[in-house]
1. Within the bounds of the range 21-32, is there any residue that is over 30 Å from residue 114 (Cα atoms) and over 14 Å from the mean Cα position of the chain (by Cα)?
2. Has the range 31-39 got any residue that is surrounded by fewer than 17 Cβ atoms within 10 Å (Cβ to Cβ) and either among the hydroxyl-bearing types (Ser, Thr, Tyr) or in contact with a helix residue (DSSP H, G or I) (Cβ under 6 Å, 6 or more places away or on another chain) (or both)?
3. Which one of the conditions (1) at pLDDT 90 or above; (2) touching a strand residue (DSSP E or B) at 6+ places or on another chain (Cβ under 7 Å); (3) of a type in the set (Asp, Glu) does residue 53 fail to meet, given that it meets all the rest?
4. Take residue 15 and decide whether it is surrounded by fewer than 19 Cβ atoms within 10 Å (Cβ to Cβ) and within 14 Å of residue 83 (Cβ to Cβ).
5. Taking the stated definitions as given, is residue 97 more than 25 Å from residue 41 (Cβ to Cβ), surrounded by fewer than 14 Cβ atoms within 10 Å (Cβ to Cβ), over 17 Å from the mean Cα position of the chain (by Cα) and modelled with pLDDT of 85 or more?
6. If I ask for residues that are out of contact with any helix residue (DSSP H, G or I) (no Cβ under 7 Å at 6 or more places or on another chain) and either in contact (Cβ under 8 Å) with a residue 12 or more places away in the chain or within 30 Å of residue 109 (Cα to Cα) (or both), which ones from the range 72-94 would you list?
Amino acid sequence: FQTQKYLTRPYCLVELLAAVDLVKPIICLKIENSHGAYDFGDAVRLLSDLETELPRRGCQATLDELWKLKIDVAEASRKLSKTIPQCLSTPYNQAWGEKLRRGALSDLVDKVKAAEQVPAIVKLAMQNGADSEEQLVLSEGVVLP
C-alpha cells in the first residue's frame, strides 16, 4: 500500500527490501484518504537518504529498528530508491463510488495475475540478452530490480 506514512515504518521497508533482494514483483495500491495521499516526490527524497530523512521526519525509531535488524541502511536506500519510484500504482480512494472502487481493485487483481507470470518473463528477457543488473519494467506495472 502506498500511504503517507508507509515508507517510514520499519517493517514495511524491510518487506520492500526483501522483495527487491528476492526479485519479487512489487505491486502498489496508492491509498488516498482523509490522512493524506502518498507523495511520489517525497518518497524519492525519503528513499534516497533514509539515514538523514527518517530522523528529520521524527522517525528515529524506524532507523534504530533497521540498525537493530543489522540492515545496511545506506545500501537499503540505494536499492529502494532505484526500484520503488519505478513502480506503477493503482490509485484507490475510499471516498470513491462503488464502481470506481471496484474498477481500481480489478486493476490491482490484473496486476497480481500479471505478476504470477514474472518468472517466465524474466527468464525470457535473460535469454534475449537482458543484463542481469538491468531493471526490468513490465508493462503491467510490475517492477523488478
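The values are calculated or read from the model by the stated rules, or taken from the named source; none is laboratory data. Small disclaimer: the values here were computed from a predicted structure and weren't measured. Don't worry about glycine lacking a Cβ; one is built from the backbone with ideal geometry, like all the others, and counts go over all protein chains shown.
1. no
2. Yes, the range 31-39 has at least one match.
3. (2)
4. Yes; evaluated as a whole, the condition is true for this residue.
5. Judged against the criteria, residue 97 is a match.
6. 78, 82, 86, 87, 88, 89, 93, 94
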